[in-house]
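Nothing in this text is a laboratory measurement; each read-out follows from the coordinates by a stated rule. Here the structure is a predicted model, which means the values were calculated and not measured. Note that each Cβ is placed from the backbone with ideal geometry, even for glycine, and that neighbours are counted across all protein chains shown.
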Amino acid sequence: MGAAALKPEGQTERPATSATPDVDVAIVGAGLSGIGMAAHMQMMCPGSSYVILERREQIGGTWDLFRYPGIRSDSDMHTLGFIFEPWKHEKSIADGPAILEYLNRIADERGIRPHIRFGTKVLSADWDSARALWTVKTEDEAGTRRSVTARLLYLGSGYYDYDTPHDAQFAGREDFRGTIIHPQFWPSHLDYAGKRVVVIGSGATAVTIVPSMTHKAAHVTMLQRTPTWYAIRPARDALANALRRILPEKVAYAITRFKNVRLQNLVFKRARSQPEKVKDYLTKKIKAALGDKYDAKTFTPPYDPWDQRLCLVPDADMFEAIKAGKADIVTDHIDRFDATGIQLKSGRHLDADVIITATGLRLTMGGKIALSLDGVPMNFADHFYYKGCMFSNVPNLVAVFGYLNASWTLRADLISDYACRLLNTMKAKGAHVATPVLAADHGLVEDNVFDFSSGYLQRALTIMPKSAAALPWRLNQDYVYDKAWMKASPIEDGILALGRAQPAAQAQPQLEAAE
């Protein structure tokens, strides 16, 4: 079924009862999560309707937003790719354009694009208990406001703020005579040929930008406060490419995906159980890549591997740039910017023509949409995760927050499959409402699943949903376990209550009891 058109605000085309929303599912975001959910609906719920609400003018989400040099995945595409669609490129560590091509091809081949409403920003969504539906209000670039009603709201809007990145508040910015750029807002025609570039930061973005800019810049310096753990791996997966030559595409992809999922899982668990061994392994690889350019101070973080996400260095490209003298890494603290560069607290000065502030992201939940339940504002932090995608005492809401220790799409695939099974069960039972019920005296023990020291995570803890020590009230961080558990756990598990519309006066006390 095609998606219903959005209605101008205040205009009603037909009565919105518990049986007649405009669409069965309103999907927010046309990135990996949103396109993945749409594809699953095409396969698993062919009789259900949906619309994708996308504020940008193109498919891709993160991969359309970021345009900095060398933009690429920090996971292999056999796990960042969807379970249902093989990755066919030679490189498994893919650049942004290749990932966009993959998403656009899926959208076109599977007939998803006609369901997307581009240039449509979601402002708010209110759950109406009496009618058992969400009313989603949107605004286009011309300022026209419209609304659409949906049985299920699916948030595939990512996990960080597209409008406002983290601002490190460096003193003296106004004194610098060169160009200052945040990677989230990369200018399309920046000319840095022959210029001195300083990249502030040592995360995945900085590690990508540094070697990519050395091809044109006079020199590129990565300025880090704290060293990072790096993992070196080939950009091409030799086994995957060999299998593709002798096996059907889908079979080769499934084998490679299985191998890479298990390898990711093994490395993470080994880092937690035997951190010293993993440190030694990573250090030996870096030493081998750098030779006499290796410096222990620069490459020995004060934390264990996977206390923060490992930074991937495909084909050791950043280390090759350092060995060639085109790049270097400086470990120091910034005192202030000045007219010609950056004054460090050690007394050293870094001359620069261009400064890149790769200082981190600002996390957000649900794309900053104003969510409410029968008109009462909803705060994610007041609710527990349920099965890693729904929320305690919140009806008909599903949201994607990917794994911290593995590829984002692994959880997105699990959640899309679960949401489709939930929709089919609701239709079979004649139910309009699905609510994970948690009593006020639940006695759950909270657990910080964001047990990572990364700044962007620590800054966002107060806005994140709660997570318990045990399933199902937990955002688990083990895909291998989750995949088996989600498949075995029934939709009707004694916790998820299926029902029909009810007056708000009856529904609200239950919601308040959990908060």
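Numbers for the structure displayed
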read-out	value
Cα gyration tensor, the range 227-318 - rounded (a/c under 1.5), prolate or oblate	oblate
The range 306-417: radius of gyration and largest Cα-Cα distance (Dmax), Å	21.8, 62
Charge dipole magnitude, Cβ of K and R +1, D and E -1 - the chain, Cα centre, debye nearest 20	1240 debye
Charge dipole (debye, nearest 20) of the range 298-346; +1 at Cβ of Lys and Arg, -1 at Cβ of Asp and Glu	100 debye
Label-point separation in nm, ARG262 to ALA238, each point 7 Å along Cα→Cβ	1.9 nm
Long-range tail of P(r) for the range 69-225 (Cα pairs > 22 Å, %)	62 percent
Dipole magnitude of the range 15-74, debye to nearest 20 (Cβ charges: Lys/Arg +1, Asp/Glu -1, about Cα centre)	200 debye
Isotropic mean projected area of the C-alpha convex hull, the range 287-349 (nm²)	5.8 nm²
Using alpha-carbon coordinates, inclination of helix 249-273 to the longest axis of the chain, degrees	70 degrees
Too-long pairs where the Cα-Cα distance tops 23 Å, listed order kept, from LYS91/LYS287; LYS259/LYS387; LYS293/LYS326; LYS88/LYS284	LYS91/LYS287; LYS259/LYS387; LYS88/LYS284
Estimated FRET transfer efficiency when R0 is 60 angstrom, pair ARG348-ARG145 (beta carbons, to 0.05)	0.65
Helix 408-429 vs. the chain, principal-axis angle (Cα, 0 to 90°, nearest 10)	0 degrees
In Å, descending, principal axis extents of the Cα set of the range 100-151	41, 28, 15
Helix axis angle, 32-44 relative to the chain longest principal axis, alpha carbon, degrees	40 degrees
